[in-house]
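The values are calculated or read from the model by the stated rules, or taken from the named source; none is laboratory data. Everything numeric in this text was worked out from a predicted model, so none of it was measured. Methodologically, a virtual Cβ is constructed for each residue, glycine included, from the backbone with ideal geometry; neighbour enumeration extends over all protein chains shown. To get the accessible areas, we keep the full protein, side chains included, count just its heavy atoms, and leave off ligands, DNA and RNA. Shrake-Rupley method; radii C 1.70, N 1.55, O 1.52, S 1.80 Å.
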Amino acid sequence: MSQQVAHWLDNLLKEIEGIEVRRKSSRRVRVDVPADALPALLELLQGRAGYIHLSAISCVDWIDDGEFELVYHVWSYESHSLVSAHIRIAREPGVYLSVYDLYQPAAFFERDIHEMYGIHFEGSPNMEKFILTEWDGPPPMRKEFDSEAYINEHLSWQEYNPEWLQELVAEGGGVIIPPEEQRFSQKKK
Amino acid sequence: MRPENYEAQRQPPSNEYELNFGPNHPGIEGNYALKVKLHGDIVLEAKADGGYLHRGFEKLMEQRLWIQNIALVPRICVPDPSPMELCYSMAVEELCGLKVPQRAQWLRVMQLELSRIAAHLFTFGGHAATTGMYSTMYWGVADRDLLLDLFEEFTGGRVYSIYNIPGGVRRELPEGFLQRLTETLDYIESRLPDYDNLFFKNQVFVKRAKGTGVMSREQALEWGVTGPNLRATGLAFDVRRDDPYLVYDQLAFDIPVEESGDAWARTLVRRKELMESIRILRQVVEILPDIHGPIRAPIPNPLAWNVPAGETYTRVESSKGELCYYVVSNGGPKPYRVHVRGPSSMHAVQVLEKMSVGSRIEDIAQTMFSLDACPPEVDR
């Protein structure tokens, strides 16, 4: 991104109230905005700065703050730079606006976030389940969902000791690691 | 999708019917399904149905150490796993401020381009099979195997090489490897005229692919299409050139484009990209012996590695399009959040749904393969 374009973008972004712009590198700009100002910001970026490609919407669950962070990554094919717009919304009730009117790829990401985090996007064209069609538990990517605890509660462990392994062990080969020692990441807890 | 969860319903007489295209179907790439509504042969409505390959990678990554995830990420996209490793490693390097040594960067480029050729050969094979040309499929898979031999030699793994680690690469090249690489490249190049005669110039394929699954450049931009599919609509955009990483800015390569935006154009772009990848690899072979030095930057004890708090968004051009990782660290021994944006999350869902409407049922498979959709990337 040339100096001139960078300067022009800074001036453009000043039009939004409560915005904080940080230039991370020559092609990456981080923008923090209040949640209500995001649609206006994206409209400005898309309409006047050429950021027409929505690369992704990422969601981060900050459970200790009681907030979700939504990050909208938009790319400009003209200035070859990526703006990541960060907003925070309350974890409860977890509702936000869809940006599908501006960026069609948003439909997939919003549907995905709805499925994995339970955030509802008002105005998104399709909030049906896609990946976890037969899942009726809580949204699994939320931090309070402990997948290992869920497995221990709902599924049973099976002993796996087939004959071929027994033979191998009898011959003095094969190494069996006891389950409690299998994963050092677990042991550290 | 389990049969016991669905009850057959008596419908009023109609010429319209519904068909589950997949998840177990020769015309579907990977385990994936399309629910299509048809009138005769014509598709009236298509709904993508994913989740068959969902393995919960993003959740798993939050439960593993930073270094352990290196073994996890390549499994997200089976045909083209190398960009996954790289994209994740780049994110960790950026968070830690690690500087990757020059030699490691060149080795990474070599791995990526080999992976790209292997992925394209695989796609050609699958695509040819959808038009009934199984010989191309056998050839593609057999020639890809030669590349897998190379992978096995320099990384230790045939498919999931797990060659990158944050800070560099794991191994130095075996002796005489570059010579064997050159021989394989020569062989692949010598095979291309045969591929052209058998597949790319074959009238069975040309007539089927031309005019199938057309999208304009405006539609492609609106739908978030990237990679070869976007370049097939005439826009020369490539992350390697326009948002460069590694040493791609020091390499000479062209970005092939086509204008017509149909299945034919998309395949042709990939065919030309194959040549560009070979060209890049030849440059690597020439330059690599002159670059000496370490192959990885020193990293802390990987089993007790707390990556500094921060967030980053890394992008790589995979064989399917723009691959991105959004990685957040809270300063702990494990990632706080990893979001994988696979290029196929656009191509296999919204784009495929929209492009299938109005096409004939026998063209669905061809449309999907021409988009090079990779379902495991969607499901993660």
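Only one of these is closer than 26 Å to B:Pro300 by Cα and of a type in the set (A, V, I, L, M): B:Leu53, B:Leu107. Name it.
B:Leu107
Only helices (runs of 4 or more DSSP H) wholly contained in segment B:209-254 count here; list those with 2 or more residues that are farther than 28 Å from B:Met110 by Cβ.
B:217-222
Within the group B:Leu44, B:Leu114, which residue is part of a strand (DSSP E or B), touching a residue at least 40 places away in the same chain (Cβ under 8 Å), in contact with a Leu (Cβ under 8 Å, 6 or more places away or on another chain) and not basic (Lys, Arg)?
B:Leu44
Results for (1) within 14 Å of chain A (Cβ to nearest Cβ); (2) open to solvent by 10 Å² or more (accessible area, probe 1.4 Å); (3) within 24 Å of B:Ser89 (Cβ to Cβ), shown as yes or no for each residue.
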{"site": "B:Glu258", "(1), (2), (3)": "no, yes, no"}
{"site": "B:Arg270", "(1), (2), (3)": "no, no, no"}
{"site": "B:Arg279", "(1), (2), (3)": "no, yes, no"}
{"site": "B:Ile299", "(1), (2), (3)": "no, yes, yes"}
{"site": "B:Pro302", "(1), (2), (3)": "yes, yes, yes"}
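How many residues are more than 9 Å from chain B (Cβ to nearest Cβ) and under 18 Å from the mean Cα position of the chain (by Cα) when one looks only at segment A:129-145?
Residues flagged as more than 9 Å from chain B (Cβ to nearest Cβ) and under 18 Å from the mean Cα position of the chain (by Cα) within segment A:129-145 amount to 4.
Residues checked against (1) out of contact with any Lys or Arg (no Cβ under 7 Å at 6 or more places or on another chain); (2) within 14 Å of another protein chain (Cβ to nearest Cβ); (3) exposed (fewer than 15 other Cβ atoms within 10 Å of the Cβ); (4) modelled with pLDDT of 80 or more:
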position: A:Gln4; (1), (2), (3), (4): yes, no, yes, no
position: A:Lys24; (1), (2), (3), (4): no, yes, no, yes
position: A:Val33; (1), (2), (3), (4): yes, no, no, yes
position: A:Ala40; (1), (2), (3), (4): yes, no, yes, yes
position: A:Leu44; (1), (2), (3), (4): yes, no, no, yes
position: A:Arg48; (1), (2), (3), (4): yes, no, yes, yes
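Would you check if there is a residue in segment B:327-336 being modelled with pLDDT of 90 or more, facing chain A (nearest Cβ under 10 Å), closer than 29 Å to B:Ala236 by Cα and in contact with a strand residue (DSSP E or B) (Cβ under 6 Å, 6 or more places away or on another chain)?
Yes; the residues of segment B:327-336 include at least one that is modelled with pLDDT of 90 or more, facing chain A (nearest Cβ under 10 Å), closer than 29 Å to B:Ala236 by Cα and in contact with a strand residue (DSSP E or B) (Cβ under 6 Å, 6 or more places away or on another chain).
Could you identify the single residue in B:Arg10, B:Arg55 that is open to solvent by 60 Å² or more (accessible area, probe 1.4 Å), part of a loop (DSSP other than H, G, I, E, B) and closer than 26 Å to B:Glu152 by Cα?
Just a single option satisfies the conditions, and that option is B:Arg55.
Looking for whichever is farther than 22 Å from A:Glu115 by Cβ, more than 14 Å from chain B (Cβ to nearest Cβ) and not small (Gly, Ala, Ser) here; the options are A:Glu20, A:Glu92, A:Glu78. Which one fits?
Sole residue among the options that is farther than 22 Å from A:Glu115 by Cβ, more than 14 Å from chain B (Cβ to nearest Cβ) and not small (Gly, Ala, Ser): A:Glu20.
Select from segment B:53-69 the residues that are within 17 Å of B:Thr312 (Cα to Cα) and either among the aromatic types (Phe, Trp, Tyr) or away from chain A (no Cβ under 12 Å) (or both) and list them in ascending order.
Of everything in segment B:53-69, just one residue is within 17 Å of B:Thr312 (Cα to Cα) and either among the aromatic types (Phe, Trp, Tyr) or away from chain A (no Cβ under 12 Å) (or both), namely B:Trp66.
For segment B:120-164, what are the residues that are more than 20 Å from the chain's Cα centre (by Cα), over 20 Å from B:Ser370 (Cα atoms) and open to solvent by 10 Å² or more (accessible area, probe 1.4 Å)?
Within segment B:120-164, B:Glu153, B:Gly156 qualify.
Pull up segment B:32-50, narrow it to residues that are within 15 Å of B:Leu352 (Cβ to Cβ) and touching a helix residue (DSSP H, G or I) at 6+ places or on another chain (Cβ under 8 Å), then point me to the one that is nearest to the other protein chains (Cβ to nearest Cβ).
The residue in question is B:Gly50.
Mind telling me which of the residues B:Asp242, B:Asp196, B:Asp249 ends up being out of contact with any Pro (no Cβ under 9 Å at 6 or more places or on another chain) and away from chain A (no Cβ under 14 Å)?
Of B:Asp242, B:Asp196, B:Asp249, the one residue that is out of contact with any Pro (no Cβ under 9 Å at 6 or more places or on another chain) and away from chain A (no Cβ under 14 Å) is B:Asp196.
What are the residues in segment B:322-379 that are open to solvent by 10 Å² or more (accessible area, probe 1.4 Å) and at positive phi, if any?
B:Gly331, B:Gly358
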